[in-house]
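Let me begin by presenting the structure, written as structure tokens, before commenting on it.
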């Protein structure tokens with residue numbers, strides 16, 4: 001296994017990573033409540049079973065690839081290689097306005113999952129952020145991707161933001177909801 005910077009990426013290299021999607025039998029359902037007196041606004045999340053399972057098919061198109069190819073030139077993207085083959089990658093971009101590093105894409109080929117490669121990439125992103133004086137690493141995932149939420153939590157992330165209508169105006173909380181997760185970076189580690 002070799003961890004190395006990615007400075008360009010082709011559609012063929014991206015395709016080597018395999019299928020990018022998930023099937024989930026559980027999700028975090030979100031509900032919100034607003035009261036007038038005294039004023040309060042509460043968002044609650046709780047884990048529920050989903051039947052039939054939720055299927056998410058992610059398709060990265062040429063526009064995504066063009067964007068990623070620009071982002072990798074910034075120096076915040078890394079890949080894991082096994083036998084010279086790309087098996088996992090993280091593409092990130094610094095957000096100077098709030099002093100964070102935003103992970104745009106994290107993917108591990110399904111045959112190489114549960115081998116620690118995702119954690120290696122996350123830890124590398126945290127090291128890069130710390131080295132540049134950034135205060136946190138941020139990622140956006142969905143309430144329907146319970147495996148990803150739990151993975152990020154194991155890597156030190158917490159849910160710090162919920163966007164009920166990022167994907168749809170049907171913001172009842174029963175649809176796909178965006179979770180913004182953040183791993184704060186102590187500068188003295």
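In nm, give the distance between the simple-model label positions of residue 81 and residue 159, each being 7 Å from the Cα along the Cα-to-Cβ direction.
About 3.9 nm separates the two model spin labels.
Does a label point 7 Å from the Cα of residue 26, set along Cα-to-beta-carbon, have any residues of the range 41-73 with amide nitrogen under 20 Å, and which are they?
44-56
Can you tell me the FRET efficiency between residue 114 and residue 170 if r is taken as the Cβ-Cβ distance and R0 is 35 Å, rounded to the nearest 0.05? Write out the running numbers ahead of the final one.
Values: r = 34 Å, r/R0 = 0.98.
It comes to 0.55.
How much length is gained if the chain between residue 132 and residue 11 is pulled fully straight, taking 0.36 nm per residue apart and subtracting their Cα-Cα distance, in nm to one decimal? Don't skip to the end; give the middle numbers.
Numbers: separation 121, 0.36 × 121 = 43.56 nm, distance 2.95 nm.
Result: 40.6 nm gained on full extension.
Once you have a ≥ b ≥ c as the square roots of the Cα gyration tensor eigenvalues for the range 19-66, tell me rounded if a/c is under 1.5, and otherwise prolate or oblate according to whether a/b is larger than b/c.
Details: a/c = 5.70, a/b = 1.79, b/c = 3.19.
Here the range 19-66 falls in the oblate category.
Measure out, as a whole number of angstrom, how far apart the alpha-carbon centroids of the range 69-129 and the range 12-34 sit.
If you average the Cα positions of each part, the centres end up 17 Å apart.
Set the Förster radius R0 to 30 Å, insert the Cβ-Cβ distance between residue 4 and residue 96 as r into 1/(1 + (r/R0)^6), and round the FRET efficiency to 0.05.
Computed FRET efficiency for residue 4 and residue 96 comes out at 0.75.
Using per-residue counts of other Cβ atoms within 10 Å, averaged over each peptide, order 50-59, 124-133, 8-17 from highest down. Before the final figure, lay out the partial values.
Details: 50-59: 11.0, 124-133: 17.5, 8-17: 14.0.
Per-residue mean Cβ counts within 10 Å order the peptides as 124-133, 8-17, 50-59.
Laboratory data are not the source of any read-out in this text; all were calculated from the coordinates shown. Please read all numbers here as calculations on a predicted model, not as lab measurements. Counting neighbours? That spans all protein chains shown, and the Cβs are built from the backbone with ideal geometry, glycine included.
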